[in-house]
Amino acid sequence: MSGLLALITAAIFFGAAIYINLAEQPARLALDAGAALREWVPAYRRGFEMQASLAIVSCLLGAMAWWQTGNALWALGAAVIILNWPYTLLVIMPVNRRLETTRPDQANAETHELIARWGRLHAGRSALGAVATMVYFTAAASAL
């Protein structure tokens, strides 16, 4: 059961991440810099809370499935999904900090480019979610 829950939470993480890249980010980039920044700030905060929690829960469930079954694929999936934390803190967070310290009334072309860069970096989170989901799926299928 813990393995299936790990798979479900990783798939939800991936779904949310890919939604951001394929739907939310293109719509955001169609706005002027100030409006894009006003939209990005609250969307990022809510998205971070949701995705950070999903990554932790999925990792813990994957580790539990590995402990219960001995199948190393569960551990691999747990490791991949939790990589979102260091990736976010080390790679994406410097861009976040610059965006969070910019006032919307002072947003300019550089701000717009930072938001575009943030989206490209966020695609890495989508990729990690996809890989973790595939690894978990493979682990679940091997148990059948």
Euclidean distance between Cα centres, segment 97-120 to segment 1-62, Å: 19 Å
Rounded to 10°, Cα long-axis angle of helix 33-69 versus longest principal axis of the chain: 10 degrees
Calculated from backbone phi, Karplus (6.51, -1.76, 1.60) coupling profile of segment 75-82 in Hz, x at Gly/Pro: 5, 4, x, 4, 5, 5, 5, 6
Net lengthening on full extension, A109/F48 (0.36 nm per residue, minus Cα-Cα): 19.5 nm
Average Cα contact separation per residue, the chain, under 8 Å, 6 or more apart, as relative contact order %: 41 percent
In order through segment 108-115: 3J(HN,Hα) via Karplus (6.51 cos²θ - 1.76 cosθ + 1.60), integer Hz, x for Gly, Pro: 9, 4, 5, 4, 4, 5, 4, 5
Förster-model FRET efficiency, 22 Å R0, F137 and L31, C-beta, rounded to 0.05: 0.05
Order by protection proxy (mean Cβ within 10 Å, highest first), peptides 5-17, 112-124: 5-17, 112-124
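Want the number for V41 to L90: 0.36 nm per residue separation, take away the alpha-carbon distance, what's left? Walk me through the numbers before you get to the answer.
Details: separation 49, 0.36 × 49 = 17.64 nm, distance 1.91 nm.
Fully extending the segment from V41 to L90 adds 15.7 nm.
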3J(HN,Hα) from dihedral phi, segment 131-144, Karplus parametrisation 6.51/-1.76/1.60, rounded to Hz, x for glycine, proline: 5, 4, 4, 5, 5, 4, 4, 4, 5, 5, 5, 6, 7, 6
Listed candidates (i) 82; (ii) 164; (iii) 109 - label of the one calculated as volume of the Cα convex hull per residue in Å³: (i)
Relative packing of peptides 50-61, 84-95 - highest average C-beta neighbours within 10 Å first: 50-61, 84-95
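Every number here is computed from the coordinates shown, using simple stated rules; none is lab data. In this text, all values refer to a predicted model and were calculated from it rather than measured experimentally. All Cβ positions, even for glycine, are placed from backbone atoms using ideal geometry, and neighbour counts span all protein chains on display.
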